[in-house]
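Participant: Dropping a structure here in structure tokens format, bear with me for questions.
The values are calculated or read from the model by the stated rules, or taken from the named source; none is laboratory data. The structure presented is a predicted model; accordingly, all values stated were derived computationally and were not measured. Virtual Cβ from ideal backbone geometry, glycine too; neighbours counted across all protein chains shown. With ligands, DNA and RNA removed, areas are computed over all heavy atoms of the protein, side chains included. Shrake-Rupley method; radii C 1.70, N 1.55, O 1.52, S 1.80 Å.
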Amino acid sequence: MISFFLCLILLIGGYFVYGKIVENTFAPDDRETSAVRINDGVDYVVMPQWKLFLVQLLNIAGLGPIFGALGGAQWGPIVFLWITFGTIFAGGVHDYFSGMMSARHDGASIAEVCGIYLGPIMQNVMRVFCVVLLIMVGTVFAVGPAGLMKVLMANNGMGGVLANQMFWLILFLVYYFIATFISIDKIIGKVYPIFGICLIIMAIGVIIGILTNPAYTIPEIWNNFHNMHSSGTPIWSVMFITVACGAISGFHSMQSPVMARCLKNEKQGHFVFYGAMVAEGVIALVWAAAGCSLYEISGGLTTGLAEIYAQGQSVAIYDVCQKTMGGIGIALAMLGVVVCPVTSADTAFRSARLTVADWFKIDQTKWQNRLKICIPVLGAGAILGYINYTVIWRYFSWTNQTLAMIVLWTASMYLFREKKNYWLTAVPATFMSAVSMTYFFYAGECLNLGTTIAYPAGIILAVVFLAIFIRATKKPVPAAV
């Protein structure tokens, strides 16, 4: 239990200390933001800071810090370290710079921002990459809640169409179409802050349920500093990919421009972007603690968690809520773990629309133009919904962290051009390069080459990427864009 609270204190302290260092390095000023200057009533709308924070939290959170953290708990309490230090030194940095770089370029989508600092070839790669990943995210956050609704209905004696996953999937996709199409302040700006509060309350309920039940004990890191995964799956780099949104997530960089278009002042960025990531890290820490403490550990392995997790991620979430909060937990599971991922999915599809619009320079003030993009984007999501959920999640996790790697390199080039401390982003960029490339060589859904090849190959490629960046810094600084 001491380990949990130490990590919690570090996360909160990281927001005030390291988050301030990140903010001072970027140096926000009082220039007029795009939300004020453009204000088209559709995507560029000024929102108060508290609402920006809660909407950003919902945009980036969804099922990520819950599913990912529970999955990461299979390696034992060692996952607390990745959630804590990953959030402070990588995730928060990534989210802040992706949001603020977008704000400096009129709320441009992250693909366009990457093009500015990494060149036209990377820009086109990122355009395709981002659209595919956003549709994949939207689908993941449609199938996941649909599966949980099926479980909830079945466990409460409701059969027929209400216990049919496809029914809920179609219902969610119809809603996504509406939310993607209309003005951001019609649903997102008004309702989402309430759901953001629900997500926070649910995490508080889970941890109170653990702390007040003598049958549950959160294990200490120092007593379990080894791989506790029941299948022997290696920590490096699978755990770092599995946790994803609870420590660092490239998906956030595609969501941050949505809020960058709503900032009244650049100085709101620390609370909105870095702060929301720390809040997500806290939520992930709570769910990881639940995974480590609620289930049986046999022979130093998390066998109990593996058994419930094998029944499906939605079943595991339902079980945690029921164990920690009883009937209230089931209600919160419906609100927090169904509604919150839905709110990430609709903004994912919205971000896909904005990315395509920026790509082809399509004016989004006209409803006809929005409709032309919404139909194929949501259509692709509906088709992906028929694919096995766990397969989509695995590919999502890797592409997600690969995007985070690219965005951190983009931020490093931005800081280089601005003649600022680029090591702030270059160090986590190198680390995430090693994580992403190692997983690509190791994972069964990728090259499946085993650790003997994957480990050195991943590290070598990370060093190569760093060398390419350092070489770029030896050239004259280009004129600021």
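Participant: Suppose we flag chymotrypsin sites (Phe, Trp or Tyr not before Pro) only when DSSP calls them loop and at most 11 other Cβ atoms lie within 10 Å. Which is the longest uninterrupted stretch of the chain?
Facilitator: No qualifying site falls inside 1-221, the longest such stretch.
Participant: Positive end of the dipole of segment 129-277, charges at C-beta (+1 Lys, Arg; -1 Asp, Glu), about the Cα centre: which of Gly209, Val151, His229 has its Cα farthest in that direction?
Facilitator: Val151
Participant: How high is the relative contact order of the chain, in percent, counting Cα pairs under 8 Å that sit 6 or more residues apart?
Facilitator: 29 percent
Participant: Working out 0.36 nm times the residue gap between Lys475 and Trp50, then minus their Cα-Cα distance, what length gain in nm do you get to one decimal?
Facilitator: 148.8 nm
Participant: Mind listing which trypsin sites (Lys or Arg not before Pro) in segment 17-49 are in a DSSP loop and have 16 or fewer other Cβ atoms within 10 Å?
Facilitator: Hits after loop and neighbour filter: Arg31.
Participant: When the helices in the chain are scored as -39500 (n - 2.57) per DSSP H run of 4 or longer and the sum is shared across all residues, what 222 nm value do you end up with, to the nearest 500 deg cm²/dmol?
Facilitator: -22500 deg cm²/dmol, from helical runs alone.
Participant: Can you give me the % of accessible surface on the chain that is carbon or sulfur? Probe 1.4 Å, all protein chains present, nothing else counted.
Facilitator: Exposed carbon and sulfur together represent 69 percent of the surface.
Participant: Need the full-extension length gain, Val463 to Ile2, defined as separation in residues times 0.36 nm minus the C-alpha distance. One decimal, nm.
Facilitator: Result for the pair: 162.3 nm of gain on full extension.
Participant: Based on the Kirkwood radius over alpha-carbon pairs, what value in µm²/s does the Stokes-Einstein equation return for the translational diffusion coefficient of the chain at 37 °C and 0.692 mPa s?
Facilitator: Value of D from the Cα-based Kirkwood radius: 148 µm²/s.
Participant: Continuing with this model, one more query. Charges only on Cβ, +1 for Lys and Arg, -1 for Asp and Glu: so what's the dipole of the chain about the Cα centre, in debye to the nearest 20?
Facilitator: About 940 debye.
Participant: Per residue, how large is the accessible surface of segment 1-156? Use a 1.4 angstrom probe and give square angstrom.
Facilitator: Result: 30 Å² of accessible area for each residue.
Participant: What is the calculated FRET efficiency for Lys366 to Asn164, with r their C-beta to C-beta distance and R₀ = 41 Å, to the nearest 0.05?
Facilitator: About 0.65, to the nearest 0.05.
Participant: For Phe16 and Leu449, what does the FRET efficiency come to when R0 = 60 Å and r is the distance between their Cβ atoms, rounded to the nearest 0.05?
Facilitator: Using R0 = 60 Å, I get an efficiency of 0.90.
Participant: Given a Förster distance of 22 Å, report the FRET efficiency between Val36 and Lys419 from their Cβ-Cβ distance, rounded to the nearest 0.05.
Facilitator: Efficiency, rounded to the nearest 0.05: 0.20.
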